[in-house]
Amino acid sequence: MSTAVVAYSGGLDTSCIVAWLKEDWYGFDEVLAVLVDVGQEFDLEESIARGTAAGADEVLLVDRKDAFAGEQCRRAILTNALYEGKYPLVSALSRPVLAQAVGEIALERGAEAVVHGCTGKGNDQLRFELAFKAQYPGVRVIAPLRDRVWTRDEEIEYAQAKGIPVTQTAGSPYSIDENLFGRAIEAGVLEDPWNAPPDEPYALTSDPGSAGEPLEVVVGFEQGAPVSLDGEDLPLAELIARLNRLAGAYGIGRIDMIENRAVGIKSREVYEAPGAIVLIAAHSALEDVVLTKDEARIKRPLEQRWTELVYEGLWFSPAREAIDAFVDSTQRLVTGEVRLELRPGAAVVTGRRSPSMLYAAELASYGTGETFPHEAAEGFIRISALETELHAARGRAKIQA
Ligand code: ARG
């Protein structure tokens, strides 16, 4: 008997895939649909009903919300991960988690193939397939939406013919991916980069114009990881979810960008990631007072490399792990609190404190009583200036020109 295990979302694409896998062209005897909870909104009963109607032999729900928060989201925060300076990797972080769950089940059941619903144009195919192969070397990977390009209408027609229930959202012009760390919105009118994003596809954030009075929040960190909100200890998944609601009400974390995909396409992307944006801003503000100058200078370019690796599907890679080892070492003292003010469209850091601060008022103060060795500054500058002075004194700048 041949078995295929599908990374199933409960939506139209992957439901059609389930049905198609049983048809002659693929011809699997058994299809298992694996739905992984990474904090997205989904209707479990509806997803199971749709998967079953599509012909899945089993629809399995795997809860990885806390694992996703504790590993991928936590590491993204420690690394201040913003792809191209803006995008907090929402989808890129979840793919390895989904693929790992699917790969585990495929191994357990001795399945012949693992299946995802990505097209040939995006980054997600890379992330799924690299993670599948890391989990289950040698596995056959099937990407039905790459084997044949379906239009939305063809999918709806096929689903209706197969008796798969189609909801209104199936007709939405947007392609949406969602998890605890945020939401990615693509396609529809957004494909013209001149069009302003309409209000309608946003779900985690309100229009900043409708926000109320500013709100102060305090985030507590331990070894770089967020552990409390306004003094209340919270598991990370809960903390992110609460901040999504609080900051989302101010329209914080809306990102409208043109992004360079791994496959060389520039695409228009709209994200909403209120919690992620607040936490990365707060974490990086705490690092500012704790890390040494060189730790910070070495870490910034590594953060960017880490972000690119994860964006391009290399979550399971020795390079990512090696950067994490460096990051972990820098985070040992990143414990403390950051105060932010949530304002319409922006979270502004207004305070930071840590028992391990290197910030020293007695050195930095403009007031009296500071202990900075002023007399040493003169000698320090004389020596620092030696080369610059010699270069000028010998008229070298003129000769070069
Ligand atoms: N461009 C983003 C990324 O590569 C978002 C992808 C979201 N996927 C989707 N099917 N809408 O991470």
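The values are calculated or read from the model by the stated rules, or taken from the named source; none is laboratory data. The structure presented is a predicted model; accordingly, all values stated were derived computationally and were not measured. Here the Cβ is made from the backbone with ideal geometry for all residues, glycine too, and neighbour counts use every protein chain on show. Just the protein is used for accessible areas: all its heavy atoms, side chains included, with ligands, DNA and RNA removed. Shrake-Rupley method; radii C 1.70, N 1.55, O 1.52, S 1.80 Å.
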(message) If I go through segment 113-122 residue by residue, how many of them are away from the ligand (no atom under 11 Å from the Cβ), modelled with pLDDT of 95 or more and either in a loop (DSSP other than H, G, I, E, B) or buried (at least 24 other Cβ atoms within 10 Å of the Cβ) (or both)?
(response) 2
(message) Looking at segment 204-233 only, could you name the residues that are among the small types (Gly, Ala, Ser) and at pLDDT 95 or above?
(response) 206, 220, 224, 225, 228, 231
(message) Against the definition (open to solvent by less than 30 Å² (accessible area, probe 1.4 Å) and in contact (Cβ under 8 Å) with a residue 60 or more places away in the chain), how does residue 35 come out, yes or no?
(response) no
(request) Answer yes if at least one residue in segment 45-64 is under 27 Å from residue 261 (Cβ atoms), open to solvent by 30 Å² or more (accessible area, probe 1.4 Å) and modelled with pLDDT of 95 or more, and no otherwise. (result) yes
(message) Here is a check on your reading of the model: is residue 70 small (Gly, Ala, Ser), away from the ligand (no atom under 16 Å from the Cβ) and either touching a residue at least 24 places away in the same chain (Cβ under 8 Å) or within 17 Å of residue 21 (Cβ to Cβ) (or both)?
(response) yes
(request) Would you please list the contacts, defined by Cβ atoms under 6 Å and residues six or more apart or on different chains, that run from a residue in segment 195-216 that is acidic (Asp, Glu) to a residue that is part of a loop (DSSP other than H, G, I, E, B) and open to solvent by less than 60 Å² (accessible area, probe 1.4 Å)? (result) 207/251
(message) Tell me whether segment 304-320 contains one or more residues that are among the β-branched types (Val, Ile, Thr), in a helix (DSSP H, G or I) and within 30 Å of residue 202 (Cβ to Cβ).
(response) yes
(message) On the basis of being under 24 Å from the mean Cα position of the chain (by Cα) and within 15 Å of the ligand (Cβ to nearest atom), does residue 95 make the cut?
(response) yes
(message) Quick check on my filter: what residues within segment 235-254 are within 30 Å of residue 305 (Cα to Cα) and open to solvent by 20 Å² or more (accessible area, probe 1.4 Å)?
(response) 235, 236, 238, 241, 242, 254
(message) So in segment 278-333, with the set limited to residues that are touching a strand residue (DSSP E or B) at 6+ places or on another chain (Cβ under 6 Å) and closer than 24 Å to residue 180 by Cα, which one is most open to solvent (accessible area, probe 1.4 Å)?
(response) 281
(message) Please go through segment 92-108 and give me each residue that is under 19 Å from residue 253 (Cα atoms) and either of a type outside the set (S, T, N, Q) or open to solvent by 10 Å² or more (accessible area, probe 1.4 Å) (or both), ordered by number.
(response) 92, 93
(request) Return the residue satisfying two criteria in turn: it lies in segment 170-228 and is of a type in the set (Asp, Glu) and surrounded by 14 or more Cβ atoms within 10 Å (Cβ to Cβ), and of such residues it is farthest from the ligand (Cβ to nearest atom). (result) 178
(request) Please indicate, with yes or no, whether at least one residue in segment 356-364 is open to solvent by less than 90 Å² (accessible area, probe 1.4 Å), in contact (Cβ under 8 Å) with a residue 24 or more places away in the chain and of a type in the set (S, T, N, Q). (result) yes
(request) Given the conditions (1) part of a loop (DSSP other than H, G, I, E, B); (2) modelled with pLDDT of 95 or more; (3) away from the ligand (no atom under 16 Å from the Cβ), report the number of the one that residue 81 does not fulfil. (result) (3)
